[in-house]
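Novice: For reference, the structure I am asking about is given below.
The values are calculated or read from the model by the stated rules, or taken from the named source; none is laboratory data. Keep in mind it's a predicted model, so treat the numbers as computed, not measured. We place every Cβ from the backbone using ideal geometry, glycine too, and count neighbours over all the protein chains shown.
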Amino acid sequence: SEKLLEINNLKTHFFTEAGVVPSVDDVSFSIKKGEIVAVVGESGSGKSVTSLSIMNLLDKAGKVVNGEILFDGKDLTKASEKELRNLRGDDIAMIFQEPLTSLNPVFTIGNQMMEPIRLHLKLNKKDAKARCIEMLDKVGIPRAEKVFDSFPHSLSGGMRQRVMIAMALSCNPMLLIADEPTTALDVTIQAQILNLMRDIVEDLGTAILLITHDLGVVAEMADKVVVMYAGQVVEYADVFTLFKNPKHPYTQGLIESTPKINQLYEKLHSIPGTVPNPLNYPSGCRFVDRCPFAMKQCITHEPNNTYTADGHTVKCWLHEMDRIENETLKEKVR
Ligand code: SF4
Ligand code: MG
């Protein structure tokens, strides 16, 4: 099917007193209609900045300095603030982790839900209220009529996040951007909410850009996965291929350090070391200090994105050489 969102060579920099921080450094990927694409990485990988760049919600220091963000064919990097405002909540909806998303404490749930519905769906009060109740029902909120008249503080965190999802989806957006939507919730409620989100978007045909640090969430939800490290995409594949045959040493480390998903591996371990300082990225591969397979050329030369036979792309010398030499260097290294 057709591409709904296409990000090409995006660079977002932050201009700070300490210097220029290249938070997103030449990132490209796309999302088709109805598809769930997860962007995964540790904090500092640039995944949130990528999502904030789409709707120009960066703080003052941040700026898109290169690339295009095509939504339904229109370049959002060139859109006016007014055009972006019209898209927000209508064609593109967003949910963030609490407390970023916190509902306005002085208005009832109904009050807050009605406004965008009346504005975007052009409904009268009665029909807008019916739509709210329908959406609150859909996200599994019991006694939706009562919740409609409640204030946010009377609801649990899980219920508030359900309300946020109901609100986000109430105007039938084409794209939902969800940044760590369930991170603040406990594991059981997180699973319930993710299942619910998946069911609803399957029904509505909404595409999701899911930002998360949690590969468990990725496995539950995503069709495709973009793995980011230090501002760059290091691996891209469909979800089955990625978990079955992760190619980038960073992805392998992430999987090995994720409980439940790592059943194939003998023991749980975390990737040693930390993300490099973005003011002073290594000139070769940015993962070089943490990589168990690092070679000489990794220090001096940045690897390219290599397309592999199973539709993967991976940014790593091991695979670039696979392609060039047609042999598995990885086995030699091991
Ligand atoms: Fe490791 Fe080198 Fe591949 Fe980077 S390019 S991930 S350092 S093997
Ligand atoms: Mg974040």
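Novice: Looking only at segment 202-219, which residues are part of a helix (DSSP H, G or I) and surrounded by fewer than 20 Cβ atoms within 10 Å (Cβ to Cβ)?
Specialist: Kept after step one, since they are part of a helix (DSSP H, G or I), are these residues of segment 202-219: 202-204, 215-219.
Passing the criteria: GLU202, ASP203, LEU204, GLY216, ALA219.
Novice: Quick check on segment 81-90. Is at least one of its residues surrounded by fewer than 18 Cβ atoms within 10 Å (Cβ to Cβ), under 30 Å from LYS146 (Cβ atoms) and out of contact with any strand residue (DSSP E or B) (no Cβ under 8 Å at 6 or more places or on another chain)?
Specialist: Yes: segment 81-90 contains one or more residues that are surrounded by fewer than 18 Cβ atoms within 10 Å (Cβ to Cβ), under 30 Å from LYS146 (Cβ atoms) and out of contact with any strand residue (DSSP E or B) (no Cβ under 8 Å at 6 or more places or on another chain).
Novice: Quickly run through segment 142-168 and pick out the residues that are farther than 13 Å from GLY110 by Cα and of a type in the set (S, T, N, Q).
Specialist: SER154, SER156, GLN161
Novice: Next question. Kindly provide the set of residues from segment 116-131 that are part of a helix (DSSP H, G or I) and closer than 11 Å to CYS171 by Cβ, ordered by number.
Specialist: Selection gives PRO116, ILE117, ARG118, LEU119, HIS120, LEU121, ALA128, ARG131.
Novice: Within segment 282-303, can you find the residues that are more than 7 Å from ligand 1 (Cβ to nearest atom) and under 23 Å from the mean Cα position of the chain (by Cα)?
Specialist: Result: ARG286, single match.
Novice: Which residue, of THR251, THR308, THR206, THR212, is farther than 14 Å from GLU42 by Cα, at pLDDT 90 or above and hydroxyl-bearing (Ser, Thr, Tyr)?
Specialist: Details: THR251 fails: farther than 14 Å from GLU42 by Cα; THR308 fails: at pLDDT 90 or above; THR212 fails: farther than 14 Å from GLU42 by Cα.
Exactly one of THR251, THR308, THR206, THR212 is farther than 14 Å from GLU42 by Cα, at pLDDT 90 or above and hydroxyl-bearing (Ser, Thr, Tyr), namely THR206.
Novice: Being at pLDDT below 95 and not small (Gly, Ala, Ser) is the filter; apply it to segment 1-15 and report the residue that is surrounded by the most Cβ atoms within 10 Å (Cβ to Cβ).
Specialist: Initially, segment 1-15 is screened for residues at pLDDT below 95, giving 1-3.
Filter once more, keeping what is not small (Gly, Ala, Ser): 2-3.
Details: GLU2: 7, LYS3: 15.
Checking each candidate, the answer is LYS3.
Novice: A follow-up question, please. Looking only at residues in segment 271-307 that are surrounded by fewer than 16 Cβ atoms within 10 Å (Cβ to Cβ) and β-branched (Val, Ile, Thr), which one is farthest from ligand 2 (Cβ to nearest atom)?
Specialist: This residue is THR300.
Novice: Next up: Considering only residues that are in contact with a strand residue (DSSP E or B) (Cβ under 8 Å, 6 or more places away or on another chain) and more than 16 Å from ligand 1 (Cβ to nearest atom), which ones fall in segment 41-56?
Specialist: GLY46, LYS47, SER48, VAL49, THR50, SER51, LEU52, SER53, ILE54, MET55, ASN56
Novice: Can you say whether SER43 is crowded, with 22+ Cβ neighbours inside 10 Å and among the small types (Gly, Ala, Ser), as far as the supplied structure shows?
Specialist: Working: crowded, with 22+ Cβ neighbours inside 10 Å: no; among the small types (Gly, Ala, Ser): yes.
Considered against the rule, which asks whether it is crowded, with 22+ Cβ neighbours inside 10 Å and among the small types (Gly, Ala, Ser), SER43 comes out as no.
Novice: With the structure loaded, tell me whether THR12 is in a helix (DSSP H, G or I) and away from ligand 1 (no atom under 16 Å from the Cβ) or whether it fails that test. Explain how you work it out, then say what you get.
Specialist: On the way: in a helix (DSSP H, G or I): no; away from ligand 1 (no atom under 16 Å from the Cβ): yes.
Spelling it out, it is not the case that THR12 is in a helix (DSSP H, G or I) and away from ligand 1 (no atom under 16 Å from the Cβ).
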